[in-house]
Amino acid sequence: MSIEAKLLSANFDRIIPDSLEDYKRFGGYNGLKKAMNMRPEQIIEEIKLSKLMGRGGAAYPTGIKWEQAHEVKKFPKYVVCNADEGEPGTLKDKYVMDKDPYKLIEGMTIAAYLLGAREGYIYVRGEYKKSQEILRGAIKNAVNANYLGENILGSDFSFDLEVISGAGAYVCGENSALVESSEGRAGRPRMKPPFIKISGFRGMPTLLNNVETFASVPVIMDIGGEEYASYGTDYSGGTKLITLSGNVVNKGVFEVPFGITLREIIYELGEGIANGRKLKMIQMGGSSGACFSEELLDTPLCYKTAKAKGLSLGSGAILVIDDSNCVVDFAKCITEFFLHESCGKCTPCREGNRQLAKILDKFAKGKASKKDYVSIDRISNAMTNGSFCGLGQTAATALTTSLKFFKEEFDAHIYGRCLTDCCSMSEGEE
Amino acid sequence: MNMINIVIDNKRLTVPEGTTILEAAEKVGIKIPTLCNHTDQTVKANCRICLVEVKGSKKLSAACATPVWEGAEIVTSSKSARDARKTVLELILADHAQDCLNCIRNGSCELQKLSMEFVICEPSFDNIAKELPIDDSNPSIVRNPSKCIRCGRCLEVCHDVQSIGTISTAHRSDEYVISTAFNMPLDQSACVYCGQCSLVCPVGAIYEKNDVDRVWESIDNPNMHVIVQTAPAVRVSLGEEFGMEPGSIVTGKMVAALRRLGFDRVFDTDFTADLTVIEEGYELIGRLRNGGKLPMITSCSPGWINFIEKFYPDQLEHLSSCKSPQQMFGALAKTYYAQRAGINPKDIFVVSIMPCTAKKYESTRSQMYSSGYRDVDAVLTTRELSRMLKLAGVDFRNIEPEEFDAPLGISTGAGVIFGASGGVMEAALRTVYEVLTEKELDKIDFESVRGLEGIKEATVYINDMPVKVAVANGLKNARLIAERIKRGKCDYTFIEIMCCPGGCIGGGGQPHTTTNKAREKRIGATYTEDKGMKLRKSHENPAIKELYKEFLHEPNGHLSHKLLHTTYRHRKHIK
Amino acid sequence: MREITSQQKVREVVEKYGGVCEKLVQILLELQEISGQNFISKEVALTVAEEMGLPLSKVYDVITFYSMFSVEPKGRHIIEVCKSAPCHVNRPQSVVNMFESALGIRMGETTPDKTFTLQHSSCFGACDISPAIKIGDEIYGNLTEDKVLEIINSYREGYRNVNRS
Ligand SMILES: Cc1cc2nc3c(=O)[nH]c(=O)nc-3n(C[C@H](O)[C@H](O)[C@H](O)COP(=O)(O)O)c2cc1C
Ligand code: SF4
Ligand code: SF4
Ligand code: SF4
Ligand code: SF4
Ligand code: FES
Ligand code: FES
């Protein structure tokens, strides 16, 4: 038996990715055809019924987002896909683009049809050049087959889709930074308000969704919102692509129904901890997510339950860390990532990450003192509550949560001991 | 307008939609600390020093950037807001070269002031400031990136007000800086030395090149005859350095204070402003009569000269060949005045007090040695002068006013208004009209060319001929004019262009109290000063008449060309 | 095209994208690719700025903001070793060591023959084969010393006709 549920990923490894024929053979474009025979309110209703929530990390209900986008009366509107996938430990969007690109294209086409958008853009991170090529090929085929371009399927609905490449910046996954970058500038987040749903790409109303979000829409249109929702929990409808990484035997991307537990994911899909070691810590949601210990393993995958436990599913990344790793060393790695990726614009994030990295370096070298806990607390509070954008607001999450679960390991470093020998505990090389 | 009900610091308040928390707080008498915020600029919200708590949310809001909403309950100094603000300030300080006692902004620094208000006694975080090289490649502007708090005010001015864009944000993370492209020195960049960036910088990261020491040295030298000229725009701004209201007229106090410092003669650039009107007026008349290049554009703003030389070098022919009043003064000081006073020009040291940083550069140009010596030896900005006065312990507010020295201190209202955008145009019209019509103007106030508006236009009828003129201030507007000329869509006869917003009263060397509101007050004061003058037309200035009679002989004559006119260069620009 | 990009070539690329500012990132990506040395020179940036009517400082801002751009010349092939958390817990230092000794350079350096630059990178979505490396568009994981040598050689000799998978 498998705990997987293949809706979105049904075509993975079963079709030739850029073959439109293959795609159609397995029901491709049924969703668009259905949608084009529905009234806008019906499309929105169907998505609301599906309980689909944004798969990019913020989990905003997609039905409501689309309804708002539909209600804005300013044209032209743009449909933009966030394929920046920069959250470490996440590669599910790449799987969708590489293995079933038409799902994404169809989903975006349905959105465009709903909004009356004429142009759409897929912002793909620069590192995914191959995915960009696959998408470009698929777009071309779709245009030739009249699923994109002028008068789609003989209707008066026309929609063009283009791929934009990023150039290496995690922050460009933040929606206003993504828009800045799409317009050719450095991807530093914009002032809000105005929000991009009103003033986004080229200053016009913009609907922005994650790859997985868009790609789920054809499925929902095809099987119906209620049916889709029934796969998941009462609160979190349908399925989720998760990326399992770190010290498990079987790493990779899996589609699972909401409601299964982390334990099932790690020990059944992941086949347990690799190299005969023991589980120490889990980080969920990518580098911006919380770290926790084994005691929360029976938490079911659900946005609401997770929140109640102070966790967040984020992008669906599940990073498993075994007992050969040091929590301080890990937190330092995460902090250095955010320091490197901070756009630098606002004080708490730019300076806070610098100071945190410096403090963690002191821990790793056995030079920290109890006073440093006060600094960590002050800085992480300022970052979390006072940063300009989501990057700075979540950058300290891993540190503060791991401090909650593994305080004694930090303490040991103050007394000059790294329990795993990961840290040098000396001034010399790291 | 929609009205919104909020509670802020326990007080109920109704404010118009769109009001920010910062503005709402002001209404209940609370000044929330700010740093990146500037009244004349867009909201940036990047420093995060203005964080406040809105009940019901753990996340804090940036007061400068958050519009209030119906029912919002704001606590501006809750514990969480206070803690976060203090942390933010300490984070900034930890990345700052904190040597206030050796800093040009000691006492006028917004960061220093906040540190005082927050009572920062003991640093909580390790100082990790990197020492970055200082750029003092040019005679006008110094950049010290180690002091930069990355508020972004300077680049907004440079891009959006001046349309130069030579500095920008660059890099990210802890390397995030405000920098020129490829970190090149300003003198290799497109910078026009306008100094507008130095006006808005809250800290000591961009400032005027300090020439105070050279001036003290010359004063200390008993063999030097040190004379000083004061630009029209300084008399309406200098008082602000001593806590006086913007728009205070301090002409007489300034003269007295300069004498106390030890200058041998205190003269007035207004004198050569009057002279500029005559020379430029006759040049215009000449172009009109002989089919010369039109529109003719004024040339007394060195920032504007830098701009046209770097960005529109093929339009140089439109420029009047007149030097700026500062340089005319220098050339005359070491010829006409030297002769009259019987002093060897090599023993004369000419200092100018200017609202401007570009004038520092101007005085070093190779064309500005027409007396056989460097015509103007040192240029001090209003800010530098105030530092000299403070060092010398001058009690500026209480000092008894005195009069300028003759003859280079005698001027008219036309010279005074050079300081405000539209002033050169108005002064020129007062003279050109009367010369060409040989009739007296019945109304000498040309109100349509006054004020802060970017581009102003007027049509004047001279001998029943319509003459279209335009006035632009701020280089963004200058660029619009230059683009019109480029497209052949510019039918003006005469254009006044000033590099700085509002003209020299808003110059890059003015006090840090400069805002558009202060600019308006200074403009008002300028026209008040003009109104109070006995003579208000340049051609009526008796000292100018004497100058022509005894020395120059005729406007645009041989000697004028040698001393008072100049040439321009194509300068390859890097954008 | 391997040599430093000529002005003419820069103009062609700018033209291809219609010269619109919105395409600046795309233009720079293409120019960097044809530079042969994975960088944007000052001259290229200047031509781009002039052709597109942008202040040079803005072009510089874009180049220095994104980690894929460089203003310094680099090797023809950039070997990127991921150092984000999911790879980190699988000890990427051993991979770094293998490459350092095989290439005779340290992390962050370029080989004297300008063929390879070894550098760190944030996660590029290969966490399923961590610790992972990336060379150009290719991704490699589960590395051994032999495999590292094999990979390096495949880029050295007539790197077009070698099967890299
Ligand atoms: C720093 C930062 C990085 C982000 N990166 C991504 C990303 O790589 N992909 C993504 O889809 N969303 C990312 N997001 C979330 C997006 O801002 C946005 O919420 C999402 O794309 C909306 O789509 P959804 O509603 O379909 O999830 C990021 C947010 C932040 C603050
Ligand atoms: S939190 Fe601030 S510095 Fe960090 S990425 Fe966002 S805007 Fe940039
Ligand atoms: S810039 Fe301000 S805080 Fe910094 S050293 Fe100067 S006076 Fe002090
Ligand atoms: S002096 Fe003027 S042109 Fe130069 S950087 Fe400052 S604002 Fe820009
Ligand atoms: S130089 Fe001054 S104005 Fe410019 S960003 Fe730095 S602190 Fe702000
Ligand atoms: S003053 Fe509000 S964020 Fe800087
Ligand atoms: S963490 Fe290394 S590729 Fe994702």
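The values are calculated or read from the model by the stated rules, or taken from the named source; none is laboratory data. Keep in mind it's a predicted model, so treat the numbers as computed, not measured. Note: ideal-geometry Cβ built from the backbone for every residue, glycine included; neighbour counts use all protein chains shown. The area values use the complete protein model at the heavy-atom level, side chains included, leaving out ligands, DNA and RNA. Shrake-Rupley method; radii C 1.70, N 1.55, O 1.52, S 1.80 Å.
Could you please give the count of residues in the stretch B:31-57 that are within 16 Å of ligand 2 (Cβ to nearest atom) and either of a type in the set (D, E, K, R) or without any contact (Cβ under 8 Å) to a residue 12 or more places away in the chain (or both)?
2
Taking the conditions exactly as written (at the interface with chain A (Cβ under 10 Å from one of its Cβ atoms), within 35 Å of the chain's Cα centre (by Cα) and hydroxyl-bearing (Ser, Thr, Tyr)), does B:Thr42 satisfy them or not? Can you show your working first?
Numbers: at the interface with chain A (Cβ under 10 Å from one of its Cβ atoms): yes; within 35 Å of the chain's Cα centre (by Cα): yes; hydroxyl-bearing (Ser, Thr, Tyr): yes.
So B:Thr42 fits the description; yes.
If only one of C:Lys74, C:Lys42 is among the charged types (D, E, K, R) and open to solvent by less than 50 Å² (accessible area, probe 1.4 Å), which one is it?
Values: C:Lys42 fails: open to solvent by less than 50 Å² (accessible area, probe 1.4 Å).
Exactly one of C:Lys74, C:Lys42 is among the charged types (D, E, K, R) and open to solvent by less than 50 Å² (accessible area, probe 1.4 Å), namely C:Lys74.
In this structure, is B:Val203 within 14 Å of chain A (Cβ to nearest Cβ), under 30 Å from B:Thr251 (Cα atoms) and surrounded by 22 or more Cβ atoms within 10 Å (Cβ to Cβ)? Show your work before the answer.
Numbers: within 14 Å of chain A (Cβ to nearest Cβ): yes; under 30 Å from B:Thr251 (Cα atoms): yes; surrounded by 22 or more Cβ atoms within 10 Å (Cβ to Cβ): yes.
Answer is yes for this residue.
In the stretch B:313-409, which helices (runs of 4 or more DSSP H) lie fully inside it and hold 1 or more residues that are among the β-branched types (Val, Ile, Thr)?
Details: elements: B:325-332, B:338-341, B:358-362, B:382-391.
Filter on the stretch B:313-409 gives B:382-391.
Assess whether C:Glu50 counts as being of a type in the set (Asp, Glu), within 10 Å of chain B (Cβ to nearest Cβ) and surrounded by fewer than 21 Cβ atoms within 10 Å (Cβ to Cβ). Lay out the reasoning, then the answer.
Values: of a type in the set (Asp, Glu): yes; within 10 Å of chain B (Cβ to nearest Cβ): yes; surrounded by fewer than 21 Cβ atoms within 10 Å (Cβ to Cβ): yes.
It is true that C:Glu50 is of a type in the set (Asp, Glu), within 10 Å of chain B (Cβ to nearest Cβ) and surrounded by fewer than 21 Cβ atoms within 10 Å (Cβ to Cβ).
Identify all residues within the stretch A:169-183 that are under 16 Å from the mean Cα position of the chain (by Cα) and within 8 Å of chain C (Cβ to nearest Cβ); write none if there are none.
Restricting attention to the stretch A:169-183, the residues satisfying the condition of being under 16 Å from the mean Cα position of the chain (by Cα) are A:169-178.
Across the stretch A:169-183, the qualifying residues are A:Ala169, A:Tyr170.
Out of B:Thr34, B:Thr14, B:Thr39, report the one residue that is in a strand (DSSP E or B) and either open to solvent by less than 10 Å² (accessible area, probe 1.4 Å) or not assigned by TED's automatic domain parsing to the domain that holds B:Arg153 (or both). Spell out how you get there, then give the answer.
On the way: B:Thr34 fails: in a strand (DSSP E or B); B:Thr39 fails: in a strand (DSSP E or B).
That would be B:Thr14, the only listed residue that is in a strand (DSSP E or B) and either open to solvent by less than 10 Å² (accessible area, probe 1.4 Å) or not assigned by TED's automatic domain parsing to the domain that holds B:Arg153 (or both).
Among the residues of the stretch A:194-211, which ones are assigned to a loop (DSSP other than H, G, I, E, B) and under 20 Å from A:Gly314 (Cα atoms)? Talk me through it step by step, then tell me what you get.
The initial filter retains those residues of the stretch A:194-211 that are assigned to a loop (DSSP other than H, G, I, E, B), namely A:194-200, A:204-205.
Within the stretch A:194-211, no residue meets the criteria.
Please go through the stretch A:57-74 and give me each residue that is of a type outside the set (S, T, N, Q) and open to solvent by less than 50 Å² (accessible area, probe 1.4 Å), ordered by number. Outline the logic, then answer.
Taking the stretch A:57-74 first, the residues of a type outside the set (S, T, N, Q) are A:57-61, A:63-67, A:69-74.
Within the stretch A:57-74, A:Gly57, A:Ala59, A:Pro61, A:Gly63, A:Trp66, A:Ala69, A:His70, A:Val72 meet the criteria.
Filter the stretch B:151-193 down to the residues that are more than 14 Å from chain A (Cβ to nearest Cβ) and polar (S, T, N, Q), then identify the one that is nearest to the chain's Cα centre (by Cα).
B:Gln162
Given the residues A:Tyr170, A:Tyr147, which is the only one that is more than 16 Å from ligand 3 (Cβ to nearest atom), under 25 Å from C:Ile27 (Cα atoms) and touching a Phe, Trp or Tyr at 6+ places or on another chain (Cβ under 9 Å)? Step through it out loud before you land on a result.
Values: A:Tyr147 fails: under 25 Å from C:Ile27 (Cα atoms).
The unique qualifying residue is A:Tyr170.
If you take just the strands (runs of 3 or more DSSP E) that sit entirely in the stretch B:96-195, which of them hold at least 3 residues that are within 16 Å of ligand 1 (Cβ to nearest atom)?
none
Rundown of residues vs (1) in contact with a Gly (Cβ under 7 Å, 6 or more places away or on another chain); (2) over 30 Å from B:Asn477 (Cβ atoms); (3) among the polar types (S, T, N, Q), yes/no style:
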| site | (1), (2), (3) |
| --- | --- |
| B:Val212 | no, yes, no |
| B:Trp216 | no, yes, no |
| B:Val236 | yes, no, no |
| B:Ile305 | no, no, no |
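Identify, please: which residue in the stretch A:125-153 is more than 20 Å from A:Met36 (Cα to Cα) and acidic (Asp, Glu) and is, among those, surrounded by the fewest Cβ atoms within 10 Å (Cβ to Cβ)?
So the residue we want is A:Glu133.
For the stretch B:69-94, what are the residues that are open to solvent by less than 10 Å² (accessible area, probe 1.4 Å), more than 8 Å from chain A (Cβ to nearest Cβ) and not hydroxyl-bearing (Ser, Thr, Tyr)?
Within the stretch B:69-94, B:Ala72, B:Ile74, B:Ala81, B:Leu89 meet the criteria.
Just give me the residues in the stretch A:383-430 being open to solvent by 10 Å² or more (accessible area, probe 1.4 Å), within 23 Å of B:Lys79 (Cβ to Cβ) and within 16 Å of ligand 6 (Cβ to nearest atom), in sequence order.
Passing the criteria: A:Asn385, A:Phe388, A:Gln393.
Can you tell me how many residues in the stretch B:519-575 are in a helix (DSSP H, G or I) and polar (S, T, N, Q)?
The initial filter retains those residues of the stretch B:519-575 that are in a helix (DSSP H, G or I), namely B:519-531, B:538-540, B:542-552, B:558-563.
Imposing the further condition that a residue be polar (S, T, N, Q) reduces the set to B:526, B:528, B:538, B:560.
Going through the stretch B:519-575 one residue at a time, the tally reaches 4.
Considering only residues that are without any contact (Cβ under 8 Å) to a residue 40 or more places away in the chain and either buried (at least 21 other Cβ atoms within 10 Å of the Cβ) or of a type in the set (Lys, Arg) (or both), which ones fall in the stretch A:234-275? It would help to see each step written out before you state the result.
First pass over the stretch A:234-275, keeping only residues without any contact (Cβ under 8 Å) to a residue 40 or more places away in the chain: A:234, A:249-252, A:263, A:267, A:271-272.
Passing the criteria: A:Lys251, A:Arg263.
State which residue is nearest to the other protein chains (Cβ to nearest Cβ) when the search covers only the stretch C:91-113 and only residues that are within 19 Å of A:Glu336 (Cβ to Cβ) and open to solvent by less than 20 Å² (accessible area, probe 1.4 Å).
Going through the qualifying residues, I end up with C:Pro92.
What number goes with the only condition from (1) open to solvent by 40 Å² or more (accessible area, probe 1.4 Å); (2) in a loop (DSSP other than H, G, I, E, B) that C:Glu33 does not pass?
Among (1) open to solvent by 40 Å² or more (accessible area, probe 1.4 Å); (2) in a loop (DSSP other than H, G, I, E, B), the lone unmet condition for C:Glu33 is (2).
Evaluate the following for A:Asp377: is it within 14 Å of chain B (Cβ to nearest Cβ) and open to solvent by 10 Å² or more (accessible area, probe 1.4 Å)? Break it down into steps so the answer makes sense when it comes.
Values: within 14 Å of chain B (Cβ to nearest Cβ): yes; open to solvent by 10 Å² or more (accessible area, probe 1.4 Å): yes.
Yes; evaluated as a whole, the condition is true for this residue.
When you go through C:Val10, C:Val20 one by one, which is the residue that is away from chain B (no Cβ under 13 Å) and open to solvent by less than 20 Å² (accessible area, probe 1.4 Å)? If you could, list the steps in order and put the result at the bottom.
Details: C:Val20 fails: open to solvent by less than 20 Å² (accessible area, probe 1.4 Å).
Sole residue among the options that is away from chain B (no Cβ under 13 Å) and open to solvent by less than 20 Å² (accessible area, probe 1.4 Å): C:Val10.
Out of the residues in the stretch B:48-61 that are at the interface with another protein chain (Cβ under 8 Å from one of its Cβ atoms) and open to solvent by 10 Å² or more (accessible area, probe 1.4 Å), state the one that is nearest to the chain's Cα centre (by Cα). Spell out the reasoning first.
Restricting attention to the stretch B:48-61, the residues satisfying the condition of being at the interface with another protein chain (Cβ under 8 Å from one of its Cβ atoms) are B:48-49, B:51, B:58-60.
Retained after the next criterion (residues that are open to solvent by 10 Å² or more (accessible area, probe 1.4 Å)): B:48, B:58-60.
Numbers: B:Arg48: 29, B:Lys58: 44, B:Lys59: 41, B:Leu60: 37 Å.
The selected residue is B:Arg48.
Does B:Thr431 qualify as being more than 22 Å from the chain's Cα centre (by Cα) and buried (at least 17 other Cβ atoms within 10 Å of the Cβ)? Even if it seems obvious, please write down each step before you answer.
Details: more than 22 Å from the chain's Cα centre (by Cα): yes; buried (at least 17 other Cβ atoms within 10 Å of the Cβ): yes.
Yes, satisfied.
Quick check on the stretch A:332-366: of everything there that is within 16 Å of ligand 7 (Cβ to nearest atom) and more than 7 Å from every other protein chain (Cβ to nearest Cβ), which residue is most open to solvent (accessible area, probe 1.4 Å)?
A:Glu336
Select from the stretch B:500-510 the residues that are assigned to a loop (DSSP other than H, G, I, E, B) and within 14 Å of B:Gly422 (Cβ to Cβ) and write down the one among them that is farthest from ligand 5 (Cβ to nearest atom). Steps first, please.
First pass over the stretch B:500-510, keeping only residues assigned to a loop (DSSP other than H, G, I, E, B): B:500-503, B:507-510.
Next, from what is left, pick out any that are within 14 Å of B:Gly422 (Cβ to Cβ): B:500-503.
Numbers: B:Cys500: 17, B:Pro501: 16, B:Gly502: 19, B:Gly503: 22 Å.
Checking each candidate, the answer is B:Gly503.
When you go through C:Phe116, C:Phe65 one by one, which is the residue that is at the interface with chain A (Cβ under 10 Å from one of its Cβ atoms) and open to solvent by less than 40 Å² (accessible area, probe 1.4 Å)? Show your work before the answer.
On the way: C:Phe116 fails: at the interface with chain A (Cβ under 10 Å from one of its Cβ atoms).
So the residue among C:Phe116, C:Phe65 that is at the interface with chain A (Cβ under 10 Å from one of its Cβ atoms) and open to solvent by less than 40 Å² (accessible area, probe 1.4 Å) is C:Phe65.
Kindly list, by first and then second residue, each pair from a residue in the stretch A:136-147 that is more than 10 Å from A:Asp18 (Cβ to Cβ) and in contact (Cβ under 8 Å) with a residue 24 or more places away in the chain to a residue that is in a helix (DSSP H, G or I) and open to solvent by 40 Å² or more (accessible area, probe 1.4 Å), limited to pairs with Cβ atoms under 8 Å and residues at least 6 apart or on different chains.
A:Tyr147/A:Leu153
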